[in-house]
Amino acid sequence: MKIRILVIFSALFITTSMTFCQSDFVSNVSKRGTTAATFLSISEGAKATAMGSAFVAIADDQSAFYWNPAGLAKIDGTGIMFDHTNWIADVAYNYLAASYNLGGMGTVGFSFISSSYGDMKVTTVDQPNGTGQLFNASDIAFSLGYAINLTDNFAIGFNPKIVYQSIWQTSAIGFAMDLGVQYKTPFDGIMLGMSISNFGTKMQLQGNSTLVTYVQDPTTTGINNRIPANLSTDYWSLPLNFRVGIAYSPLSTEKNKITIAIDALHPSDNYESINVGGEYVYDDIIAIRGGYKSLFLMDSEESFTLGFGLKQILLGNVAVRLDYAYQDFGRLNNIQKFTIGVAF
């Protein structure tokens, strides 16, 4: 029965992926800046970020909600992760996720993303230095994920989510789904992974800021010059992304482990690119990581990444992990990411 489900799901996944690539993605035309909720493209987890965001085949912690929900099936017991990012232009970006393994019934969990841009001045053409008012913009995404091992070597995962954005007196809401698979190949130490992220509805900003009064014919007397109207705003697609990756562990002993990974990306709002990364772990306590992001992507400000991780066992069965990542952003300087994880 599980083999039949595996074959059916694999066929659906591949067919859906090919459909997306043919209908929604155009490889020779860049669509930068044409999607809503671009915060959904910011990498989650310092471990994954430090490895150059080459993580779709590895995805073995709570950041799997972002990279590949099938990876949740790898996580034993209960785990919680909190991730904070010092993003570009002093934007505060936070990620919280938790998972619970149900044994043979799979793994369930949730993730929550929030960002805030701080208070900004309201300006107009007549008052370019500000009207004295302030406004704020924010992004929120909430998801409920589920993953299960269909066989000892094949896992699938789903991650439906709600996406919300607001700026001043307008807001937009959307719904999306992430899908992913991971496969442990017969070749020792090699894992394959694929995922589709943010497949969902379009978003449209609406609110008090789009409400105006309209004069139908200003040349006619005796008409209502304050007819309420609503400015029309466009619908914007979510940043759909297809990832496929491979991870290989050439060395895996009790004390030492080395993992290298390569991901290929096919986003709806940019050209294709490749991420590469690696990790060395000593005694399951100390990890050193590095990578390079957005290879072959023209005019990209992203490049090398570095990071480390520390893991400590407390009270016999509680594992506490601290991860750090540094990512170079060229003319935009850099971003730094801090992640705390607890598993028990």
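Here is how the numbers come out for the structure above:
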read-out: Strands (runs of 3 or more DSSP E) fully within region 252-335 counting 2 or more residues that are within 26 Å of Asp178 (Cα to Cα) and β-branched (Val, Ile, Thr); value: 256-267, 273-282
read-out: Residue within region 304-316 that is in contact with a helix residue (DSSP H, G or I) (Cβ under 9 Å, 6 or more places away or on another chain) and within 21 Å of His266 (Cα to Cα) present; value: yes
read-out: The lone exception for Thr124 - which of (1) touching a helix residue (DSSP H, G or I) at 6+ places or on another chain (Cβ under 9 Å); (2) free of Cβ contacts under 8 Å to residues at least 12 places away in the same chain; (3) among the β-branched types (Val, Ile, Thr) it fails; value: (1)
read-out: Flag for Thr219 being out of contact with any Leu (no Cβ under 7 Å at 6 or more places or on another chain) and either exposed (fewer than 15 other Cβ atoms within 10 Å of the Cβ) or modelled with pLDDT of 95 or more (or both); value: yes
read-out: Asn241, sole failed condition from (1) loosely packed, with under 11 Cβ neighbours inside 10 Å; (2) of a type outside the set (Gly, Ala, Ser); (3) in contact (Cβ under 8 Å) with a residue 12 or more places away in the chain; value: (1)
read-out: Residues of region 81-96 that turn out to be without any contact (Cβ under 8 Å) to a residue 40 or more places away in the chain and in a strand (DSSP E or B), as a count; value: 3
read-out: Test: residue in region 196-209 that is surrounded by fewer than 19 Cβ atoms within 10 Å (Cβ to Cβ), free of Cβ contacts under 8 Å to residues at least 40 places away in the same chain and either closer than 16 Å to Asn68 by Cα or of a type in the set (Val, Ile, Thr) (or both); value: yes
read-out: Residue list for region 187-231, filter: among the aromatic types (Phe, Trp, Tyr) and under 36 Å from the mean Cα position of the chain (by Cα); value: Phe187, Phe199
read-out: Candidates Phe112, Phe135 - the one that is surrounded by 13 or more Cβ atoms within 10 Å (Cβ to Cβ), free of Cβ contacts under 8 Å to residues at least 60 places away in the same chain and within 14 Å of the chain's Cα centre (by Cα); value: Phe112
read-out: Some residue of region 122-137 being small (Gly, Ala, Ser) and in a strand (DSSP E or B); value: yes
read-out: Answer from Leu314, Leu306 - the residue that is under 13 Å from Gly52 (Cβ atoms) and hydrophobic (A, V, I, L, M, F, W, C); value: Leu306
read-out: Flag for Asp83 being acidic (Asp, Glu) and farther than 24 Å from Lys311 by Cα; value: no
read-out: Residue in region 26-47 that is modelled with pLDDT of 95 or more and either hydroxyl-bearing (Ser, Thr, Tyr) or surrounded by fewer than 16 Cβ atoms within 10 Å (Cβ to Cβ) (or both) present; value: no
read-out: Region 156-175, residues that are closer than 15 Å to Ser116 by Cα and under 17 Å from the mean Cα position of the chain (by Cα); value: Val163, Tyr164, Gln165
read-out: Tally, over region 302-326, of residues that are out of contact with any Phe, Trp or Tyr (no Cβ under 8 Å at 6 or more places or on another chain), surrounded by 13 or more Cβ atoms within 10 Å (Cβ to Cβ) and over 14 Å from Asp61 (Cβ atoms); value: 1
read-out: Output for region 48-61, where each listed residue is hydrophobic (A, V, I, L, M, F, W, C) and either surrounded by fewer than 24 Cβ atoms within 10 Å (Cβ to Cβ) or part of a loop (DSSP other than H, G, I, E, B) (or both); value: Met51, Ala54, Phe55, Val56, Ala57, Ile58, Ala59
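The values are calculated or read from the model by the stated rules, or taken from the named source; none is laboratory data. Given the structure is predicted, the values throughout are model-derived calculations rather than measurements. Heads up, the Cβs are rebuilt from the backbone with ideal geometry, glycines too, and the neighbour counts pull from every protein chain shown.
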